[in-house]
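A short worksheet on the structure shown next.
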Amino acid sequence: MDILKVILTSFFSAVTLFIIAKIIGHRQVSQLDFFDYITGITIGSIAAELATELEAPWKPAIAMVIYGAICFTLNLITGKFPKTRKYINGSPAILMNNGKIYRKNMKKAKIDLSEFLMMCREQGYFDLNDIQTAIFENNGKLTVLPTSTSRPATPEDMKLNPKQDYINTEIIMDGRILDENLKRMGLDLTWLNKQLKAQGYRNAKEIFLGLCDKDNQVTLFALQ
């Protein structure tokens, strides 16, 4: 009987966590600031407790809902009232600009010189003379603006006018034909079968991944 209860509470915990994550949004994963990080850890810990709570599972469930509601409410507030963002999420800090390192801002951000240099190296800058401005963002990441002489050359610098690149569209994945993507590109199965045969394949089941560009050029990766 206890095993059944564990299964049910674990399932309930997973469903509750999934719903709360959807309500809060993908920002919890992709753009964590300090409060989001703490909230994510807390909700995850409560979800783990809920999975093994056999006597009163509703208690951690309510706690999860409350934490989720608080996070959702704060996101609404910062969305409607931009001025509140610096108080709730924090604000970026300029750590270096025009050859000058701002010690006070580093203290406010609670990072030391060793951490700053490590962040610069992670961005590919081993010489601080190559950096015009370094900003410590409120999600804990360092954004670097290189000096004009250190940034990579662009086509505009070289007076070139290259064609715009576009994202390729998946038309086959794991041996399955993605009919909706084909239709969106104005293509059909007859056209696809011709492309497969032209590259020496009998059918889509032999393909791990198939991509099609804006010019209807197909790139195929076979199953190994």
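The values are calculated or read from the model by the stated rules, or taken from the named source; none is laboratory data. Please read all numbers here as calculations on a predicted model, not as lab measurements. For neighbour counting, all protein chains shown are included, and Cβ atoms are generated from backbone atoms with ideal geometry for every residue, glycine included. Note: accessible area is taken over every heavy atom of the protein model, side chains too, but ligands, DNA and RNA are not part of it. Shrake-Rupley method; radii C 1.70, N 1.55, O 1.52, S 1.80 Å.
Model label sites at A56 and R121, defined 7 Å from Cα along the beta-carbon direction, differ in position by 5.2 nm.
Tell me the Kirkwood hydrodynamic radius of the chain in angstroms, computed as one over the mean inverse distance between distinct C-alpha pairs.
23.0 Å
For the chain, a Gaussian network of Cα nodes joined below 10 Å ranks L211, L128, L117 by mean-square fluctuation, and the top entry is L211. In the chain, a dipole from Cβ-located charges (positive for Lys and Arg, negative for Asp and Glu) runs towards its positive end, and of T154, Y87, V65 it is Y87 whose Cα lies farthest in that direction.
Using just its DSSP H runs of length 4 or more, each adding -39500 (n - 2.57), the chain gives a mean residue ellipticity at 222 nm of -14500 deg cm²/dmol after division by all residues.
For M185, the solvent-accessible surface computed with a 1.4 Å probe is close to 50 Å², ligands and nucleic acids excluded.
First compute the accessible area of segment 97-224 with a 1.4 Å probe, then give the percent of it belonging to carbon and sulfur atoms. With neighbouring chains kept in place, the figure for segment 97-224 is 50 percent. Surface analysis of the chain yields an accessible area of 72 Å² per residue, using protein heavy atoms and a 1.4 Å probe. In a simple Cβ point-charge model (Lys, Arg +1; Asp, Glu -1; nothing else charged), the chain has a dipole of about 700 debye relative to its Cα centre.
So which helices of the chain fit the span-like rule, where a helix is a whole DSSP H run, its Cα atoms reach 20 Å or more along the axis, and its mean Kyte-Doolittle is at least 0.5?
Values: long enough: 2-24 (32 Å, 1.93); 34-52 (28 Å, 1.09); 58-80 (32 Å, 1.09).
Long hydrophobic helices here: 2-24, 34-52, 58-80.
Among the listed pairs K80/K107; K83/K108; K107/K141; K100/K141, give every one whose C-alpha distance is greater than 24 Å.
Numbers: K80/K107 31 Å; K83/K108 20 Å; K107/K141 16 Å; K100/K141 19 Å.
Among K80/K107; K83/K108; K107/K141; K100/K141, the Cα-Cα distance tops 24 Å for K80/K107.
Largest GNM mean-square fluctuation among K110, K197, K59, using the chain with Cα springs under 10 Å: K197. Any aspartates and glutamates with Cα under 12 Å of the K159 Cα? List them, leaving off those in the same chain fewer than 8 positions away. Filter leaves no residues.
With only Lys, Arg, Asp and Glu charged, each at its Cβ (+1 for the first two, -1 for the last two), find how big the charge dipole of segment 85-201 is about the Cα centre; round to the nearest 20 debye. So the dipole magnitude of segment 85-201 works out to roughly 540 debye.
Exposed loop sites, defined as GluC sites (Glu not before Pro) outside DSSP H, G, I, E and B with at most 13 other Cβ atoms within 10 Å, are absent from the longest region of the chain, namely 56-155.
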